[in-house]
Amino acid sequence: MKRGVLVAIAGTGLLASAVFAWSAVRQEREFRRLIAVGDAAITRDQTYEAIEAFSGALALKHDSMLAYLKRGDSYRRRGELSAALRDLREASSLDPTATRPLELLGDVNVAMGRYERATDAYRRYIALDDRAPHVLYKLALAYYRNGQTMLAVEPLRRAVALDDRFAEAHYLLAMCLKDQRHEADAMQSLTHALEINPALGAAREELADLDFAQGMTREGIEQLEALAALEPSRPQRLVDVGLAYARSGQTDAAITTLGRAAERYPEAEVVYVTLGRIWLSAAEARKDRVALSKALQALEPAAARAAASSDTLTLYGRALMVSGQMDAAERVLQQATSVLPVEPMSFFYLSGAAERRGHVSAAHTALVKYLALADDDQNAQLAGHVADLALRMNNGR
């Protein structure tokens with residue numbers, strides 16, 4: 001009888017073990033199924049469904065680093081950053097040797113503007129794997145955004161040493177070097193970035209700025225021309241080329257470039273305003289009536305628009321003054337002073353137009369407002385003119 005009891009007990013134990021084992025297998029299968037469901041939802045950008053699936057997986061395995069990682073990443077994709085931080089921290093604590101939770105922790109902190117905490121997460125990643133150029137770049141970018149450009153240089157140099165074809169890292173290194181006034185090294189890094197990726201517009205802009213700062217006008221204009229070719233949908237790019245020619249004294253080249261822009265972008269107000277600005281400057285410098293006529297022709301339609309800016313109206317009013325049309329000039333300049341944001345020079349020119357029409361009080365008021373807004377080296381001289389206008393007002397002149 002005893003033997004029968006022992007056999008029964010043993011059988012019961014074996015059955016319990018088998019049931020437990022089968023339950024564990026079923027639980028593992030369900031866990032894996034839910035992870036797969038969540039992954040599939042992520043590929044369809046269905047982050048809510050992914051979170052539901054990963055939460056179900058966590059209900060089965062409370063200590064799963066993988067499930068916390070995936071749910072945390074899903075929260076990050078949804079923009080629920082606090083929830084993402086919670087899960088990613090848990091994932092990292094469950095497996096301190098895992099690098100992916102650390103990278104995502106850094107990414108989430110960057111998205112929240114918490115750059116110090118982001119750099120801490122990226123540094124912990126690098127301590128585990130120091131041959132990840134993309135994370136070295138992220139670390140440097142977090143330093144850069146936090147204003148710590150000197151600290152950003154070393155990880156960037158390590159990143160490009162690991163991957164010399166990393167154009168964005170070369171560009172960011174150039175920005176850090178420029179910030180530290182190492183212009184020659186910055187130009188070298190920008191040139192290298194463009195050799196790797198000629199379409200990196202931000203690098204071309206920076207290289208053009210450095211070229212102009214170094215007096216390398218031709219090279220700077222070449223970079224702006226390349227940008228205009230790379231971004232044919234942006235009229236501002238050709239406008240920048242025209243302005244660069246104008247600043248270098250090449251007025252004819254500036255006008256030719258802007259004429260080309262006007263043909264390509266007939267509806268772009270900025271093209272005509274810039275063309276009018278350059279024609280007006282030429283008219284004033286040369287006393288050229290033909291140039292003045294072309295300035296008025298370019299500026300009049302832009303100034304007639306309901307949404308004309310204060311700057312555009314000021315330019316047109318100035319052109320009218322040069323042409324001797326003081327009545328029209330005063331009206332347009334009064335309008336320029338009422339459009340926000342106000343171009344300070346609108347008050348200066350309004351004062352001149354009003355004075356020439358004998359409107360001394362209006363001239364005085366406009367010049368006082370100009371002095372309040374402008375930082376002008378001639379303020380002392382203009383203050384004297386304000387006093388003269390005040391005296392004329394008191395004398396009834």
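The values are calculated or read from the model by the stated rules, or taken from the named source; none is laboratory data. Because the structure is predicted, anything quoted here is derived from the model rather than measured. Here Cβ is always computed from backbone atoms with ideal geometry, including for glycine, and neighbour counts include all displayed protein chains. These accessible areas exclude ligands, DNA and RNA; they are computed on the full protein's heavy atoms, side chains included. Shrake-Rupley method; radii C 1.70, N 1.55, O 1.52, S 1.80 Å.
For region 311-381, just list the percent of Cα-Cα distances falling in each 10 Å bin from zero outward, please.
Bin by bin from 0 Å, the calculated values are 24, 54, 21.
Ignoring ligands and nucleic acids, what accessible area does K369 show with a 1.4 Å probe (Å², nearest 10)?
Spelled out: K369, probe radius 1.4 Å, area about 100 Å².
Just reorder D240, D375, D63, D209 by solvent-accessible area, largest first, 1.4 Å probe, all chains present.
Ranked list, largest accessible area first: D375, D63, D209, D240.
Just how much of L81 is accessible, in Å², when a 1.4 Å probe is used and the result is rounded to the nearest 10?
40 Å²
Quick one: among T256, T43, T149, which has the greatest mean-square fluctuation in a GNM of the chain with alpha-carbon springs under 10 angstrom?
Highest fluctuation among the options: T43.
Let me cross-check R78: its accessible surface, 1.4 Å probe, with only protein heavy atoms counted, in Å² to the nearest 10?
110 Å²
Order the following by accessible area, largest value first: R305, R289. Probe radius 1.4 Å; ligands, DNA and RNA are ignored.
R289, R305
Below 11 angstrom from the Cβ of H364, what's the summed charge of the other residues (Lys, Arg +1; Asp, Glu -1)?
Result for the local shell: 0.
Translational diffusion coefficient of region 14-141 at 10 °C, 1.306 mPa s, Stokes-Einstein with Kirkwood Rh over Cα pairs, in µm²/s as a whole number.
Estimated via Stokes-Einstein, D reaches 102 µm²/s.
Where q = 0.14, 0.29, 0.30, 0.33 Å⁻¹, what log10 of I(q)/I(0) comes from the Debye formula for region 182-229, counting one point per Cα?
The Cα Debye sum returns log10 ratios of -0.27, -1.12, -1.18, -1.30.
From the residues A67, G79, A91, which one has its Cα farthest along the dipole of region 50-96 in the positive direction, the dipole being from +1 and -1 charges on Cβ of Lys/Arg and Asp/Glu about the Cα centre?
Towards the positive end, the residue furthest out is G79.
So what does log10 I(q)/I(0) come out to for the chain at q = 0.08 Å⁻¹, using the Debye formula with one equal point on every Cα and no solvent?
Relative scattering, expressed as log10 I(q)/I(0), comes to -0.72.
Per residue, what accessible area does region 70-215 have, given a 1.4 Å probe and all protein chains present, in Å²?
Dividing the accessible area of region 70-215 by its residue count gives 47 Å².
Would you mind telling me the share, in percent, of accessible area of the chain contributed by carbon and sulfur at probe 1.4 angstrom?
Carbon and sulfur together cover 52 percent of it.
Considering the chain as a Gaussian network with a 10 Å cut-off on Cα pairs, which listed residue, R29, R204, R145, attains the greatest mean-square fluctuation?
With Cα springs under 10 Å in the chain, the top fluctuation among R29, R204, R145 is at R29.
How large is the helix-only mean residue ellipticity at 222 nm for the chain, computed as the sum of -39500 (n - 2.57) over DSSP H runs with n ≥ 4, divided by its residue count, in deg cm²/dmol to the nearest 500?
It comes out at -26500 deg cm²/dmol, rounded to the nearest 500.
Where the only charges are on Cβ atoms (+1 Lys, Arg; -1 Asp, Glu), what is the dipole of region 66-119 about its Cα centre, to the nearest 20 debye?
160 debye
Karplus couplings for region 324-341 from phi (6.51 cos²θ - 1.76 cosθ + 1.60, θ = phi - 60°), rounded to Hz, Gly and Pro as x?
x, 8, 5, 4, 5, 4, 5, 4, 5, 6, 4, 5, 4, 6, 9, 9, 9, x
For the chain, what is the charge dipole size about the Cα centre, in debye to the nearest 20, if Lys and Arg each add +1 at the Cβ and Asp and Glu each add -1 at the Cβ?
1240 debye
With angles folded into 0 to 90 degrees, how steeply does helix 251-264 sit against the dominant principal axis of the chain? Use alpha carbons for both and round to 10.
For 251-264 against the chain, the angle is about 60 degrees.
Placing +1 at every Lys and Arg Cβ and -1 at every Asp and Glu Cβ, with all other atoms neutral, what dipole size does region 299-397 have around its Cα centre, in debye to the nearest 20?
340 debye
In a GNM of the chain with a 10 Å cut-off on Cα contacts, which of V239, V322, V25 has the highest mean-square fluctuation?
Of the options given, V25 has the highest mean-square fluctuation.
Starting from region 167-270, pick out the GluC sites (Glu not before Pro) whose DSSP state is loop and whose Cβ has at most 12 other Cβ atoms within 10 Å.
Answer in residue order: E267.
Could you tell me how far the Cα centroid of region 113-186 sits from the Cα centroid of region 210-234, in Å?
26 Å
Please list, by residue number, everything in region 221-253 whose backbone N is under 14 Å from a paramagnetic label point 7 Å out along Cα→Cβ of S293.
No residues fall inside that zone.
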